[in-house]
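I have placed the structure first, in the form of structure tokens, so that the comments after it can refer back to it.
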Amino acid sequence: MYPHGYSPRAYRAAYERPKARIGPQDEPVGGARVWVLPNPSGLNAHWTLATIAGELRRLRASYLAAKSWDQ
């Protein structure tokens with residue numbers, strides 16, 4: 001399972017992981033795997049709709065792959 005809604009800034013601050021990057025994180029939170037997603041705010045203009053969609057596709061593919069192992 002992946003909790004969602006972690007922007008890089010929020011995740012880094014909340015979990016004291018200043019080097020966290022976009023994508024899957026090595027350490028779980030409360031037993032759940034974590035995937036940090038780009039914040040779609042206008043302040044992140046370098047993240048286009050296409051690159052955000054690409055990251056969401058990576059998350060979905062990873063989730064579906066993990067789900068198939070659970071069955």
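For I52, state whether it is touching a strand residue (DSSP E or B) at 6+ places or on another chain (Cβ under 6 Å) and among the β-branched types (V, I, T).
Answer is no for this residue.
Pairs under 7 Å by beta carbon, first residue in contact (Cβ under 8 Å) with a residue 24 or more places away in the chain and under 13 Å from R58 (Cβ atoms) in region 20-31, partner hydrophobic (A, V, I, L, M, F, W, C) and surrounded by 10 or more Cβ atoms within 10 Å (Cβ to Cβ), six or more apart or different chains?
If the second residue must be hydrophobic (A, V, I, L, M, F, W, C) and surrounded by 10 or more Cβ atoms within 10 Å (Cβ to Cβ), the pairs left are I22/V36; I22/L37; G23/W35; G23/V36; P24/W35.
In this structure, does V29 turn out to be under 12 Å from the mean Cα position of the chain (by Cα) and surrounded by 12 or more Cβ atoms within 10 Å (Cβ to Cβ)?
So V29 fails the test.
Could you please give the count of residues in region 32-47 that are aliphatic (A, V, I, L, M) and buried (at least 17 other Cβ atoms within 10 Å of the Cβ)?
So the count comes out to 3.
The numbers here are math on the coordinates, done by the rules we state, and not lab data. The structure displayed is predicted, hence computed values, not measured ones. A quick note on method: Cβ atoms are made from the backbone with ideal geometry, for glycine too, and the neighbour counts reach across all protein chains shown.
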